[in-house]
1. Of these, B:Gly36, B:Gly102, B:Gly32, B:Gly76, which one is surrounded by 20 or more Cβ atoms within 10 Å (Cβ to Cβ) and within 30 Å of B:Asp201 (Cα to Cα)?
2. Have a look at A:Val169, A:Val159, A:Val227 and point out the one that is in contact with a Phe, Trp or Tyr (Cβ under 6 Å, 6 or more places away or on another chain) and within 14 Å of chain B (Cβ to nearest Cβ).
3. Take the residues in segment A:211-220 that are without any contact (Cβ under 8 Å) to a residue 24 or more places away in the chain and more than 9 Å from chain B (Cβ to nearest Cβ); name whichever of them is surrounded by the fewest Cβ atoms within 10 Å (Cβ to Cβ).
4. Would you mind telling me which numbered condition in (1) within 14 Å of chain A (Cβ to nearest Cβ); (2) part of a helix (DSSP H, G or I); (3) out of contact with any strand residue (DSSP E or B) (no Cβ under 9 Å at 6 or more places or on another chain); (4) among the charged types (D, E, K, R) B:Glu236 fails?
5. Residues in segment B:183-195: is at least one more than 13 Å from every other protein chain (Cβ to nearest Cβ), within 20 Å of B:Lys15 (Cα to Cα) and either charged (D, E, K, R) or outside any helix (DSSP H, G or I) (or both)?
6. Is it the case that segment B:55-70 has a residue that's touching a Ser or Thr at 6+ places or on another chain (Cβ under 7 Å) and modelled with pLDDT under 90?
7. Looking at the structure I just gave you, is B:Glu141 in contact (Cβ under 8 Å) with a residue 12 or more places away in the chain, more than 14 Å from every other protein chain (Cβ to nearest Cβ) and surrounded by 14 or more Cβ atoms within 10 Å (Cβ to Cβ)?
2 protein chains.
Amino acid sequence: MLRTIAQAVDGLVVKAVKTWDMFQPGDRVLLGASGGKDSAVLAHDLAMKKAQGRLDADILAVHVRTDLSPDAFSPGLADAYRSWGLPLHTLDVPVIGRLKPGRSMNCYWCSTQRRTELIRYAMDHGYTAVVLGHHLDDVLETLFMNMLRKGELSTMPPVLRYRKYPLRVLRPLYLVEERQIEELATALGIASSTCTCGYNDHSERDRVRERVELLTRGSRAAKLNIVESLRHINAEYLP
Amino acid sequence: MLRTIAQAVDGLVVKAVKTWDMFQPGDRVLLGASGGKDSAVLAHDLAMKKAQGRLDADILAVHVRTDLSPDAFSPGLADAYRSWGLPLHTLDVPVIGRLKPGRSMNCYWCSTQRRTELIRYAMDHGYTAVVLGHHLDDVLETLFMNMLRKGELSTMPPVLRYRKYPLRVLRPLYLVEERQIEELATALGIASSTCTCGYNDHSERDRVRERVELLTRGSRAAKLNIVESLRHINAEYLP
């Protein structure tokens with residue numbers, strides 16, 4: 001059971017890594033470890049790859065701990081990371097005081113703060129890649145949020161390169177569905193915590209996610225075809 | 001009632017014509033008149049524009065009559081075209097015998113045959129533009145059919161130019177919703193016929209159309225934002 005789902009997820013990670021040429025030999029990789037199941041499953045997959053000699057990279061997992069949700073990373077999950085041979089570093093970042101007057105707290109702002117800190121840490125410490133646990137359903141949700149609300153065709157890219165810094169941001173779970181991640185997390189016995197900040201409001205994202213499920217009828221092939229379509233843009237047949 | 005919906009539709013046609021710079025002064029326009037409500041509403045709008053001096057073009061409506069559905073253009077609709085001052089020409093094209101052995105008849109094939117004949121007629125007779133009655137919901141339906149099934153980002157373009165011929169194919173109803181067309185057709189008292197060929201199977205397109213309605217929740221703003229997104233492609237944030 002564990003083996004089957006772990007192999008299915010790994011196959012999709014291998015495909016994404018190849019398709020977008022994600023890793024370079026000798027990479028120094030910093031993994032954003034939120035305390036949730038997505039980054040935990042990614043950590044497990046990369047640790048297995050490294051243990052099996054399929055990934056030539058140093059990996060450090062970094063958890064950005066905020067004053068909004070100081071218990072987001074459970075002790076049990078820290079044990080799991082340890083058992084996979086992954087060192088885990090905690091970075092304390094107070095974000096509450098950063099909020100500008102009159103602005104209300106929200107997940108988008110908070111996650112941007114945490115990602116910025118992660119990338120700054122990576123740059124300061126000579127890392128060459130930051131890996132994040134965003135998955136296929138995140139990618140499609142962001143795509144359709146941007147299409148429906150902003151009138152822009154864009155989403156999270158699988159690889160983002162900085163012009164001025166020798167650092168890439170990678171999303172190896174780009175082709176993995178959330179339900180596969182949930183299945184693997186359960187098989188691994190991962191008890192992931194959820195954010196308890198109290199500002200958590202995913203209602204709009206959840207609505208878009210439901211509608212993406214209706215559009216694709218939950219078909220993985222249809223979801224992967226949407227990603228394919230973003231790589232095969234026929235400009236002559238667009239407005 | 002008629003005035004309100006006719007003005008709403010006309011406003012969206014004006015916007016599409018401006019956005020994609022559709023017409024040139026002195027154009028010789030051939031309108032594909034299927035016998036349905038979409039091309040009838042387009043015929044009415046262009047005829048009004050011409051009568052009011054807002055469109056400098058000669059317009060001929062051409063109905064391609066096939067042996068599959070010889071009664072697709074009703075006498076009542078022919079009267080309506082006449083009352084709008086639009087000359088109507090009927091082109092007889094037998095398509096049944098063209099089907100290659102072993103291939104089954106379908107709407108896509110038949111409509112391609114009819115469009116090809118229309119374009120050939122336009123070229124042979126010195127027309128500069130062929131206008132077709134496809135609307136916003138057709139555009140989105142084709143977009144999502146291509147994304148979900150073919151893994152390609154493409155749809156019907158508002159303007160298609162031929163490299164070798166001085167002819168454009170235009171879709172002035174690009175920004176008009178089907179329900180607006182239905183409302184205007186009803187207000188105009190248009191009794192449009194439906195195809196009676198017996199091979200009619202729109203079930204797959206209908207399913208996709210339903211799902212596009214779920215994705216957009218039937219919101220015109222959301223539908224128009226999808227069209228906008230196809231004009232604002234942020235390549236750095238795509239896979």
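The values are calculated or read from the model by the stated rules, or taken from the named source; none is laboratory data. Here the structure is a predicted model, which is why all the values come from computation and not from measurement. Because the Cβ atoms are built from the backbone with ideal geometry, glycine has one as well, and the counts that use them run over all protein chains shown.
1. Going through B:Gly36, B:Gly102, B:Gly32, B:Gly76 in turn, the sole match is B:Gly32.
2. Residue meeting the stated conditions: A:Val159.
3. It comes out as A:Gly218.
4. (3)
5. Yes, because at least one residue in segment B:183-195 is more than 13 Å from every other protein chain (Cβ to nearest Cβ), within 20 Å of B:Lys15 (Cα to Cα) and either charged (D, E, K, R) or outside any helix (DSSP H, G or I) (or both).
6. So far as segment B:55-70 goes, yes, one or more of its residues are touching a Ser or Thr at 6+ places or on another chain (Cβ under 7 Å) and modelled with pLDDT under 90.
7. No; evaluated as a whole, the condition is false for this residue.
To keep it simple, each residue is scored yes or no on (1) at pLDDT 95 or above; (2) charged (D, E, K, R); (3) crowded, with 20+ Cβ neighbours inside 10 Å.
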residue	(1), (2), (3)
A:Val159	yes, no, no
A:Tyr162	no, no, no
A:Pro172	yes, no, yes
A:Gly189	no, no, no
A:Gly198	no, no, no
A:His202	no, no, no
A:Leu224	yes, no, no
A:Val227	yes, no, yes
A:Arg231	yes, yes, no
